[in-house]
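Worksheet: the structure to be examined is printed underneath.
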Amino acid sequence: MTSQENNAELLAALMRQEELLKQLVAAINKPKLGLHSEAGSCKIYCNRHNGSLWYTLSNGEPSAIAQTALTGYLREIKFEKCERRGKEVYKLLATILADRTYILESGHDTHFAKGLLAAIALLTPQQLYSPVTIQPQPGTDESVLFCRVWIGSELVMTNYNEQTDWRETSKQALAVVRAAAEMVF
């Protein structure tokens, strides 16, 4: 087989793969049809204030989430100033696309936020084309909630301490997610 024939076969295979990827993206972005109760996004609060690891609010009332992990495509992380319990606070928001859009909310300087930021900062934009799994992990103290991040079956090992430069870690994590969002396949 000549080099030109090899290149032609490779090009044909890549074109088939590109078409399959387009179909996959279209299937992921397809809205749910028919009757359901999942319009819009679902905000998940990642803290242990209401007796669970994470919860949603329904009519202002907390509703514990029994599932121990969320798997989907990380599409955005950002910091937002908001008011909680009459005080102005900063929150970390992570948008995950799965069966619907989930927005994880955590205090910007909590162990959950630090674990998420540290893990994402270690990843490449290409890795974010695979689903990530976010897993809340309770600490020994009833108020502490950690965050584990998985790519496939691999735990993203993170390390942070008092000397960690959170401004730089946050910038790196934001840059990785932004770069992944801008990539074209």
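The values are calculated or read from the model by the stated rules, or taken from the named source; none is laboratory data. Keep in mind that this is a model prediction, so the values were computed, not measured. Cβ coordinates were reconstructed from backbone atoms using ideal geometry, including for glycine residues, and neighbour counts include every protein chain displayed. All accessible areas refer to the heavy atoms of the entire protein, side chains included, with ligands and DNA or RNA removed. Shrake-Rupley method; radii C 1.70, N 1.55, O 1.52, S 1.80 Å.
Looking at the range 64-77 only, could you name the residues that are open to solvent by 80 Å² or more (accessible area, probe 1.4 Å) and more than 23 Å from residue 170 (Cα to Cα)?
66, 67, 68
Just wondering, is there one or more residues in the range 78-85 that are in contact with a Leu (Cβ under 8 Å, 6 or more places away or on another chain), in contact (Cβ under 8 Å) with a residue 24 or more places away in the chain and within 28 Å of residue 160 (Cα to Cα)?
Yes, the range 78-85 has at least one match.
Look through 88, 61, 80 and report the one residue that is touching a Cys at 6+ places or on another chain (Cβ under 8 Å), open to solvent by 60 Å² or more (accessible area, probe 1.4 Å) and either acidic (Asp, Glu) or at pLDDT 85 or above (or both).
Residue meeting the stated conditions: 88.
Residue by residue through the range 101-120, note down the ones that are surrounded by fewer than 23 Cβ atoms within 10 Å (Cβ to Cβ), of a type in the set (A, V, I, L, M) and in a strand (DSSP E or B).
The answer is 103, and nothing else.
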